[in-house]
Amino acid sequence: MAGADLAKEGRNRKDYMAKIDAFFNLMFEQKASDLHLSSGNNPMLRINGELHRVEHPPLDSDTLKAMIYEIAPEYKIKTFEETGDVDFGYEIPNISRFRANFFNQKCGVAAVFRQIPSRVLSFEDFEKLDAPLPPVLKKFAMLHKGLVIVTGPTGSGKSTTLAAMLDYANKNRRDHIITMEDPIEFVHESKNCLVNQREVGLHTKSFATGLKGALREDPDIILIGELRDLETIELAIMAANTGHLVFGTLHTPSAAKTVDRIIDVFPADQQNKIRATLSESLRGIVAQNLFKRIDKKGRVAALEILVFNTAIANLVREGKTHQIPGMIQVGKKMGNQPLDDAIMEHLRMKRISPEEAYEKCLEKRKFRQFLAHPPEDDET
């Protein structure tokens with residue numbers, strides 16, 4: 001009887017693996033960026049930024065949980081059972097990697113898988129895709145110390161941009177790169193640099209713990225997947241001020257709000273000190289958003305770029321971050337790029353629609369003329 005039970009369990013596990021693999025294969029076929037599996041609902045794929053239902057019966061919670069348990073690491077399953085949600089990475093060798101989030105919801109469990117390209121896109125690749133990244137990002141990758149933050153909403157392409165910058169450093173420097181991610185997304189093979197990638201929960205307890213360890217591991221460049229708490233932010237600033245180049249991400253919509261978010265994490269009695277320290281460590285902020293292309297399939301990023309100089313540092317130190325957008329506008333020669341300039345360039349090249357450009361721009365009046373049916377009142 002025990003043998004029969006084991007055989008049945010083995011068949012069930014193969015069935016669950018076959019089901020989840022079928023969904024991943026569908027992602028590849030449809031060139032989807034995300035797969036949504038939710039109890040009580042049809043599976044859905046995000047294709048070119050929009051969700052599309054898959055012709056498949058609604059998933060029941062027990063089956064979906066069994067499918068996810070087949071591919072999630074045991075320690076991540078334990079975290080899920082304790083907290084109700086968890087992030088993890090999953091790889092199909094020689095095909096693709098996925099960043100997954102597994103969580104409880106009203107009708108049972110749900111999971112979202114984001115496909116991560118098996119190959120890091122280089123600056124040259126972006127050129128070939130007619131979606132060039134600004135050259136100043138190469139300069140950020142070659143800095144010897146300081147803090148560079150890539151920011152934007154979830155799903156805005158932060159990881160892809162950051163991977164391109166890290167890849168450029170990997171090819172053009174002879175240094176030690178350490179990454180701390182949750183989970184590891186793009187895999188970087190050592191080229192001219194030595195690259196060590198660590199996953200939070202698997203290779204280190206937390207971002208803060210990993211960062212403390214990294215400072216004893218002779219790093220030149222440190223990538224922090226997410227600046228998610230006070231201790232991690234404090235350590236990142238300290239590392240940047242002690243001769244290391246530190247890259248990190250946040251979920252803020254603009255350069256000015258990024259500075260405010262970092263400062264607001266700290267208690268009020270420490271904020272003046274942090275403003276001074278941050279003004280010395282920050283070297284650049286890249287804030288980006290994705291747009292659906294109208295000239296071909298896919299999406300393209302519009303970037304706001306802030307390159308720090310003495311004038312910008314003084315604004316941060318004095319708490320005058322509301323003046324940063326104006327400084328970006330007048331500092332284009334040094335590599336600054338206003339978000340609306342990037343959006344306008346995509347619009348001029350007919351890569352994006354006037355409607356989405358108008359929706360996501362900052363100064364609505366500039367883009368009103370391109371709309372077939374402009375609203376009566378502009379927001380700005």
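The values are calculated or read from the model by the stated rules, or taken from the named source; none is laboratory data. Given the structure is predicted, the values throughout are model-derived calculations rather than measurements. Every residue, glycine among them, receives a Cβ derived from its backbone with ideal geometry; neighbour counts consider all protein chains shown.
Residues considered: Tyr75, Tyr69. Of these, the only one that is touching a Gly at 6+ places or on another chain (Cβ under 7 Å) and either farther than 29 Å from Leu303 by Cα or acidic (Asp, Glu) (or both) is Tyr75. Apart from one condition, Gln197 fits all of (1) surrounded by 21 or more Cβ atoms within 10 Å (Cβ to Cβ); (2) not in a helix (DSSP H, G or I); (3) not basic (Lys, Arg); the exception is (1).
Among the residues of region 350-359, some residue qualifies, meaning at least one is surrounded by fewer than 18 Cβ atoms within 10 Å (Cβ to Cβ), modelled with pLDDT of 95 or more and at positive phi. Identify the single condition in (1) modelled with pLDDT of 95 or more; (2) surrounded by fewer than 17 Cβ atoms within 10 Å (Cβ to Cβ) that Gln337 does not satisfy, given that it satisfies every other one. Of everything listed in (1) modelled with pLDDT of 95 or more; (2) surrounded by fewer than 17 Cβ atoms within 10 Å (Cβ to Cβ), Gln337 misses just condition (2).
How do the pairs read when you match residues in region 268-286 that are closer than 22 Å to Phe140 by Cα with residues anywhere that are hydroxyl-bearing (Ser, Thr, Tyr) and at pLDDT 95 or above, using Cβ under 6 Å and keeping only pairs 6 or more apart or on different chains? Filtered contacts from region 268-286: Ile285/Thr258. Which of the residues that make up region 190-205 are in contact (Cβ under 8 Å) with a residue 24 or more places away in the chain and out of contact with any helix residue (DSSP H, G or I) (no Cβ under 8 Å at 6 or more places or on another chain)? Of everything in region 190-205, just one residue is in contact (Cβ under 8 Å) with a residue 24 or more places away in the chain and out of contact with any helix residue (DSSP H, G or I) (no Cβ under 8 Å at 6 or more places or on another chain), namely Glu199.
Residue pairs whose Cβ atoms lie under 9 Å apart, sitting 6 or more positions apart in sequence or on different chains, and linking a residue in region 320-348 that is without any contact (Cβ under 8 Å) to a residue 40 or more places away in the chain to a partner that is acidic (Asp, Glu) and part of a helix (DSSP H, G or I), are Gln329/Asp341; Lys332/Asp341. The residue of region 349-367 that is nearest to Gln288 (Cα to Cα), among those that are assigned to a helix (DSSP H, G or I) and touching a residue at least 60 places away in the same chain (Cβ under 8 Å), is Lys360. Residue count for region 83-114, restricted to those that are within 19 Å of Thr204 (Cβ to Cβ) and without any contact (Cβ under 8 Å) to a residue 12 or more places away in the chain: 1.
Yes/no per residue for (1) crowded, with 16+ Cβ neighbours inside 10 Å; (2) in the same structural domain as Val246 (by TED's automatic domain parsing); (3) assigned to a helix (DSSP H, G or I); (4) modelled with pLDDT of 90 or more:
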{"site": "Lys138", "(1), (2), (3), (4)": "no, yes, yes, yes"}
{"site": "Ala163", "(1), (2), (3), (4)": "yes, yes, yes, yes"}
{"site": "Ile177", "(1), (2), (3), (4)": "yes, yes, no, yes"}
{"site": "Met180", "(1), (2), (3), (4)": "yes, yes, no, yes"}
{"site": "Pro183", "(1), (2), (3), (4)": "yes, yes, no, no"}
{"site": "Phe186", "(1), (2), (3), (4)": "yes, yes, no, yes"}
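Summed over region 206-232, the residues that are part of a loop (DSSP other than H, G, I, E, B) and free of Cβ contacts under 8 Å to residues at least 40 places away in the same chain give a count of 5. Residues satisfying the criterion are present in region 66-77 (criterion: in contact with a Lys or Arg (Cβ under 6 Å, 6 or more places away or on another chain), under 18 Å from Asn101 (Cβ atoms), of a type outside the set (D, E, K, R) and in a helix (DSSP H, G or I)). None of Asn42, Asn104 is in a loop (DSSP other than H, G, I, E, B), surrounded by fewer than 17 Cβ atoms within 10 Å (Cβ to Cβ), among the polar types (S, T, N, Q) and not assigned by TED's automatic domain parsing to the domain that holds Ser206 except Asn42.
Of the residues making up region 45-82, just one is among the basic types (Lys, Arg) and surrounded by fewer than 12 Cβ atoms within 10 Å (Cβ to Cβ), namely Arg53.
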